[in-house]
Amino acid sequence: MKTNGFDVERIRADFPVLERMVNGHPLAYMDNGASAQMPRAVIETGTEYRSRYHANIHRGVHTLSQEATEAYEATRELVRAFIGAADQREVVFTGGTTDSLNLVAQCWGNTHLKPGDVVLVSEMEHHANIVPWDLVCRRTGARMVKIPITDSGEVDQDAYAMLLAADSVKAVCITHVSNALGTVNPVRHMADLAHAHGAVVVVDGAQAVPHAAVDVQALDADFYAFSAHKMCGPTGIGVLYGKMEHLKGLPPYRGGGDMILSVSFDSGIRYNAIPHYFEAGTPPIEQGIQLGAAIRYLTAIGMDRIAAYEQELLAYATEKLLAIPQVRLVGTAPHKAAVISFVIDGVHPHDVGTVLDDLGIAVRTGHHCAQPVMERFGVPATTRASFAFYNTRAEIDRLADGVREVIRLFQ
Ligand SMILES: Cc1ncc(COP(=O)(O)O)c(C=O)c1O
């Protein structure tokens with residue numbers, strides 16, 4: 001299928017896993033919100049590292065160590081360019097989005113929050129952008145306050161403005177794209193308001209970076225977190241972008257090797273420069289190099305083309321699912337990424353997922369680590385199909401047929 005010059009069949013050929021059969025059917029992988037698949041270029045980059053220059057980085061004089069250091073650090077520049085950061089030093093490698101958000105909550109929160117302060121957290125956050133703030137609020141005496149969402153699954157902007165005006169808000173924590181609803185939040189607008197009230201904005205970009213061009217400076221995000229494994233890279237590595245003005249002066253996140261310049265029982269500890277200051281211990285070297293390969297791969301296709309194609313998939317899937325009377329969508333914001341959460345009257349999502357798996361269709365069922373969203377919409381769980389640029393309309397037809405089959409079996 002070719003849509004607007006987007007040759008999806010050619011792209012699919014880059015992903016070995018898409019050749020798989022699952023339960024006697026060709027795999028239709030629609031769990032990209034959890035983890036996206038890796039193209040051959042990313043897999044082979046890992047194999048090459050393992051077989052040719054696996055070595056520890058930053059402190060070796062030998063060739064292998066230098067090659068590994070160069071490849072790993074090259075990813076930092078790739079990330080900087082990919083997200084439009086001003087300076088490579090603003091790119092901190094972490095274990096993933098969760099780790100990035102914990103870093104901000106701990107290092108920034110412990111330093112800047114005090115009793116009486118408020119941290120605003122939107123109701124559509126993944127637990128990774130709630131629990132770290134709850135922990136730091138308990139430690140510091142600050143309060144975590146929810147920014148409510150509307151029936152369509154958008155941040156209630158009136159409530160947000162009122163909350164900002166009412167309290168001593170120090171941080172606003174919002175997801176760029178909701179993993180449970182698909183909603184794309186107006187980050188720049190919300191950041192402008194937050195800044196006008198002297199608050200910093202912490203953006204969870206886990207579901208945004210893989211699906212559209214992101215420019216952290218245009219968004220004016222103070223901190224921006226994401227994971228490699230959702231953008232065709234490996235697990236175990238992610239990024240925290242932080243404006244240098246905020247990173248400077250933060251206490252260390254974790255202590256150990258690499259984040260120091262020297263350690264002496266007599267004369268004390270001298271710390272390494274940012275970003276290494278936040279990166280204690282041996283990092284996920286192979287994964288870092290593979291993240292670089294993933295960025296090269298995505299960039300070669302073009303994030304704007306990816307976004308446009310995925311919007312077509314979203315529109316098609318929305319139409320197909322809405323044509324089934326028993327299906328109710330959860331998350332109907334006008335501006336969404338290619339995530340469709342739905343419930344089927346009288347059928348538990350777990351059963352939906354199991355039947356679809358029998359048909360070779362991989363979707364996610366459950367609360368998607370966003371239980372406040374489930375509470376808000378009065379459902380225990382949803383079924384979520386989250387698309388990537390290698391999905392096809394034919395797969396969406398199979399999804400709709402599968403949903404009909406679920407209804408036939410259970411109702
Ligand atoms: C919006 C969002 N935030 C945070 C996370 C956590 O990412 P990770 O498990 O890679 O740390 C996810 C993962 O599903 C997510 O979708």
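Some notes on this structure:
- Only a single item in (1) more than 23 Å from residue 37 (Cβ to Cβ); (2) free of Cβ contacts under 8 Å to residues at least 60 places away in the same chain is not met by residue 218, and it is number (2).
- Checking residue 363 against (1) surrounded by fewer than 20 Cβ atoms within 10 Å (Cβ to Cβ); (2) of a type in the set (Val, Ile, Thr); (3) within 16 Å of the ligand (Cβ to nearest atom), the condition it does not meet: (1)
- Screening residue 175 on (1) of a type in the set (Ser, Thr, Tyr); (2) surrounded by fewer than 21 Cβ atoms within 10 Å (Cβ to Cβ); (3) within 11 Å of the ligand (Cβ to nearest atom) shows it passes everything except condition (2).
- Of everything in the stretch 88-98 that is surrounded by fewer than 22 Cβ atoms within 10 Å (Cβ to Cβ) and assigned to a helix (DSSP H, G or I), the residue that is nearest to the ligand (Cβ to nearest atom) is 98.
- Those residues of the stretch 118-154 which are out of contact with any Pro (no Cβ under 8 Å at 6 or more places or on another chain) and in a strand (DSSP E or B), in sequence order: 118, 119, 120, 121, 122, 143, 144, 145, 147, 149
- Of all residues in the stretch 313-333, those that are over 14 Å from residue 400 (Cβ atoms) and in a loop (DSSP other than H, G, I, E, B) have Cβ atoms under 9 Å from Cβ atoms of residues that are acidic (Asp, Glu) and modelled with pLDDT of 95 or more, 6 or more apart or on another chain, in 332/151; 333/154.
- Residues being aromatic (Phe, Trp, Tyr), within 16 Å of the ligand (Cβ to nearest atom) and either over 19 Å from the mean Cα position of the chain (by Cα) or not in a helix (DSSP H, G or I) (or both) are represented in the stretch 386-399 by at least one member.
- Check on residue 68, modelled with pLDDT of 95 or more, part of a loop (DSSP other than H, G, I, E, B) and crowded, with 20+ Cβ neighbours inside 10 Å: no
- Answer from 347, 327, 355, 343 - the residue that is among the hydrophobic types (A, V, I, L, M, F, W, C) and in contact with a Ser or Thr (Cβ under 7 Å, 6 or more places away or on another chain): 343
The values are calculated or read from the model by the stated rules, or taken from the named source; none is laboratory data. This structure is a prediction, so every number in the text was calculated from the model and none was measured. Positions of Cβ are generated from backbone atoms using ideal geometry, with glycine treated the same way; all protein chains shown enter the neighbour counts.
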